[in-house]
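What follows is one structure encoded as C-alpha cells, with my remarks underneath.
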Amino acid sequence: NSNVENLPPHVLRLVYKEVSALAADPPEGIKIYPSEEDITELHTSIEGPEGTPFAGGIFRMRLVLGKDFPAVPPKGYFLTKIFHPNVGHKGEICVNVLKRDWKAELGLRHVLLTIKCLLIHPNPESALNEEAGRLLLEDYAEYESRARLLTEIHALGASGAPQDPNDGPQPKKHAGDPTKRAGDPTKRAGPSAAAVPAKADKKRALRRL
C-alpha cells in the first residue's frame, strides 16, 4: 500500500528530490523507474556485476518506503528470481544497511549501491536462503552453478523495466498500432495486410529448424 498520505510533506519533498536526482544521474549499473503516482515505492534494475554468477543479468528490484521513513529504513525486494544467500524466497533482502546500520542521512543512493555490492560480496552469516549460504561456504562451484543457472533462466535478456503498467511509466502505443485491433489479422486494412501471412509462414519455418 502507498505511504504517500502517511509521510509528512517535508519528507515527501526530500524523497522526490532524491529520486529525481537518482533518475537523472543513477549509480553505474543501476536504473531507476520512478512512479509519478507513488513516490514511496521505487522500482529499479541492477546489472549483474562482472566476475560474479550474476554477470549479464538484469535484476529488477523495488524499495518500499514505510510511513516512518527516514527514521526507519526502506524495505528492499528482488522482483527477479535470484539464488543468493541474502535474498529470501519471496525476494526479501537481508543487508545491514536496511537494518541495524541504517541512518536517516544515508539516503537511497547508498542503499542501492550497498545492494549492488551484496551481489559481489554475499554475506553467508546473515543468510535468508540457507541453502545458498551453505553452498557458498562449503561448495562454491555448486553455488556458482546454481546462481548462474537462475541468472540465465530469469535475468538474461530482461529489460529491467517494470512489467506491470502500474509499476511505472511505460512507452505509449501509437493509436494506429495494428496490434491493438481486434479481429482477423489478415483482414486489416492497408498494405500491411498482405505481409501478415508471410510473417506467419516465416515463424513456422523457423520453428521447424
Members of K75/K116; K31/K116; K17/K99; K81/K116; K67/K116; K75/K103 lying beyond 18 Å, as alpha-carbon distances in this model show: K17/K99; K67/K116
Overall dimensions of region 1-137 as given by Cα atoms, namely Rg and Dmax in Å: 14.8, 46
Solvent accessible area, Å² - K81, 1.4 Å probe, full protein context: 110 Å²
Counting all C-alpha pairs of region 1-71, share separated by more than 21 Å (%): 33 percent
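The values are calculated or read from the model by the stated rules, or taken from the named source; none is laboratory data. For clarity, every value in this text was computed on a predicted model and none was experimentally measured. Quick note on the areas: whole protein, heavy atoms, side chains included, nothing else; ligands and nucleic acids left out. Shrake-Rupley method; radii C 1.70, N 1.55, O 1.52, S 1.80 Å.
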